[in-house]
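Since the structure comes first, as structure tokens, the remarks are kept for the end.
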Amino acid sequence: MRENAEELVDGAGIMGRALGVHRIIIAIEANKPDAISALRRFKQALGIPVSISVVPTQ
């Protein structure tokens with residue numbers, strides 16, 4: 001996720017548009033701060049609202 005964040009967000013956007021969704025939620029564990037910041041950096045580029053949800057690590 002950290003190294004390919006742009007591609008991941010682009011792919012989510014393609015799937016979201018194809019399915020006609022109004023919002024995309026990407027969940028990621030809290031112990032991956034670099035991946036979280038990378039995903040947040042690219043999420044604004046989509047035409048669909050994207051939420052990055054940080055979930056606790058077990």
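Worth pointing out:
- Residue selected from segment 14-48 under the condition surrounded by 12 or more Cβ atoms within 10 Å (Cβ to Cβ) and in a strand (DSSP E or B), by the criterion nearest to the chain's Cα centre (by Cα): ILE26
- Per this entry, VAL9 is counted among residues that are assigned to a helix (DSSP H, G or I) and touching a residue at least 12 places away in the same chain (Cβ under 8 Å).
- Members of segment 1-35 that are modelled with pLDDT under 90 and of a type in the set (S, T, N, Q): ASN4
- Qualifying residue in segment 5-13 (condition: farther than 18 Å from THR57 by Cα and loosely packed, with under 12 Cβ neighbours inside 10 Å): yes
The values are calculated or read from the model by the stated rules, or taken from the named source; none is laboratory data. In this text the structure is predicted, and so the values were computed from the model without any measurement. Glycine gets a Cβ as well: all are built from the backbone with ideal geometry, and neighbour counts include every protein chain shown.
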